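Take a look at the structure set out below.
The values are calculated or read from the model by the stated rules, or taken from the named source; none is laboratory data. These numbers were taken from a predicted model, which means no experiment stands behind them. When we count neighbours, we look across all protein chains shown, and the Cβ atoms used for this are built from the backbone with ideal geometry, even at glycine. To get the accessible areas, we keep the full protein, side chains included, count just its heavy atoms, and leave off ligands, DNA and RNA. Shrake-Rupley method; radii C 1.70, N 1.55, O 1.52, S 1.80 Å.
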Protein chains: 2
Amino acid sequence: MNNTPKILIIEDEKKIAGWIKIYLEQAGFSTEIAYDGVEGLNMIHTQNPDLIILDLMLPRMRGEEVCTRVRQKSNVPIIILTAKNTKSSLLNCLDSGSDDYMTKPFDPDELISRVNALLRRSYKQSSTIQKCGALELNRETGTFTVNGENIPLSAAQLSIMEIFMDNPNIILSRAKLIEIAFQSNFTGYERAIDNHITRIRNLINTKDFNPIKTIYGSGYKLEC
Amino acid sequence: MNNTPKILIIEDEKKIAGWIKIYLEQAGFSTEIAYDGVEGLNMIHTQNPDLIILDLMLPRMRGEEVCTRVRQKSNVPIIILTAKNTKSSLLNCLDSGSDDYMTKPFDPDELISRVNALLRRSYKQSSTIQKCGALELNRETGTFTVNGENIPLSAAQLSIMEIFMDNPNIILSRAKLIEIAFQSNFTGYERAIDNHITRIRNLINTKDFNPIKTIYGSGYKLEC
DNA sequence: ATTAATGTGTCAGAAATATGTCAGTTCAAA
DNA sequence: TTTGAACTGACATATTTCTGACACATTAAT
């Protein structure tokens, strides 16, 4: 696989497809769009995407059918988009390990977060270069830049920023941050995170740039 | 929902009940068993399970009756067990969003799979975005927006808005708001709510947008 | 091996934020 | 107009977060 994971969006509503495309590309993924089920299935074979976002209500071939056919040949992770209250036989087709689904309407930031989670779970790397506004993280080299300027981060700081970049605009509790960053080999006091945050802020903040927000009573959130 | 979902099995045949229990526990769930309908209903209230597996043929109270009574108070997902060929009036009671059913004899792996699907769905459903006119609440991330603009709310404010969004266009008394929002660990003066309302209004109101109405003598109502 | 530099958890005020109470004012209904 | 209800700014208290200082651990340099 090359550096930038390719995501195939199969969605007939052009507005929504375009909207998802923009969000994903801002987050550093490369994308393709198919506007109906048959085209989608073809593109899966020709493009070999790393992840598929699949709407169920599609012209020419229903999403369920696409899903079933893909699963006969491949384990590529799939995120299903469904309208709320749509009862579907599709649940049989979902593999809890490699798939996920979201009901419309959904939060684009949540989508990014799930894409990253699934890509990680499927043991393909997340995007090597992850962008989030002015912030940019290169996982391969462990370099972190703000507006192109390199900011050297310590190991713990980098771990925390990775989590934030994987989950942009989502509130992360201290417990969650510790759990993901230190993989349960951390026994200490939850408030240690506060210090890391302070230190990261001192490194990246400028007068009117303060992307790590405190959510009083809940945790922190990276805004971008 | 906490880490280990608790599943209540209501089934009078001890052999089958035990067998289901073993399978579910092997799959990582915690389980309880009730051997008749009345006991089952009691345990639903005392144990507050995350999912119920309910046989229809039960002593003391039929499964249909249990199902109906549960649904008066709760949306906990239910998987109905029926003997093959038993068409039942039960279909009225089934909510396609949160319930499922299986005919005996059944494959234990299929049971596990359905349990997971339902739990996932019930979890996701309560966590997706809830809309009410211009207001939008994301329960998972605790984000609240008005016309797309993010409004940071404090814990108490968020609790109150959640209740309003769950009960749109319904008059809620101060007592009710306090009861739901603070789960009875509130001993103070009922009028504290007034202040929360004022503060929320200051955050979300604009010139001609005032969704929280005062119902003189009764309480408040979210209009949308 | 020794020393220096860096990283990171803990702690202790200080600062910021949240929220219940209260009081004076405004408002709604009869 | 009268009366009780609701509004809202001010305040006090409690909780949460921030951040500099420190100690210990780890890494790098010699």
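Restricting B:213, B:207 to those that are in contact with a strand residue (DSSP E or B) (Cβ under 6 Å, 6 or more places away or on another chain), at negative phi and not acidic (Asp, Glu) reduces the list to B:213. Return a yes/no flag: does segment A:90-102 have any residue that is at pLDDT 60 or above and touching a Gly at 6+ places or on another chain (Cβ under 9 Å). No; the residues of segment A:90-102 include none that is at pLDDT 60 or above and touching a Gly at 6+ places or on another chain (Cβ under 9 Å). Among the residues of segment A:1-46, those that are closer than 20 Å to residue A:129 by Cβ and in a helix (DSSP H, G or I) comprise A:20, A:21, A:22, A:23, A:24, A:25, A:26.
Which helices (runs of 4 or more DSSP H) does segment B:139-224 wholly contain that include 2 or more residues that are touching a Leu at 6+ places or on another chain (Cβ under 8 Å) and open to solvent by less than 60 Å² (accessible area, probe 1.4 Å)?
Details: elements: B:155-166, B:174-182, B:192-204.
In segment B:139-224, the matching helices (runs of 4 or more DSSP H) lie at B:155-166, B:192-204.
Evaluating residue A:170 against the criteria (1) more than 10 Å from DNA strand D (Cβ to nearest atom); (2) over 21 Å from residue B:155 (Cβ atoms) leaves one unmet condition, (2).
Tell me the residue from B:140, B:149, B:136 that is farther than 18 Å from residue B:182 by Cβ and modelled with pLDDT under 80, please. Unique residue meeting the criteria: B:140.
Would you confirm whether any residue within segment A:184-195 is away from DNA strand D (no atom under 13 Å from the Cβ) and under 23 Å from residue B:142 (Cα atoms)? No, every residue in segment A:184-195 fails to be away from DNA strand D (no atom under 13 Å from the Cβ) and under 23 Å from residue B:142 (Cα atoms). I'd like to verify a number: residues in segment B:31-58 that are modelled with pLDDT under 85 and open to solvent by 40 Å² or more (accessible area, probe 1.4 Å), how many? Selection size over segment B:31-58: 5. Selection of segment A:179-222 for residues being farther than 27 Å from residue A:150 by Cβ and touching a residue at least 12 places away in the same chain (Cβ under 8 Å) yields A:190, A:191, A:215, A:218, A:219. Tell me whether segment B:159-176 contains one or more residues that are within 14 Å of another protein chain (Cβ to nearest Cβ), in contact (Cβ under 8 Å) with a residue 12 or more places away in the chain and touching a helix residue (DSSP H, G or I) at 6+ places or on another chain (Cβ under 6 Å). Within segment B:159-176, one or more residues are within 14 Å of another protein chain (Cβ to nearest Cβ), in contact (Cβ under 8 Å) with a residue 12 or more places away in the chain and touching a helix residue (DSSP H, G or I) at 6+ places or on another chain (Cβ under 6 Å).
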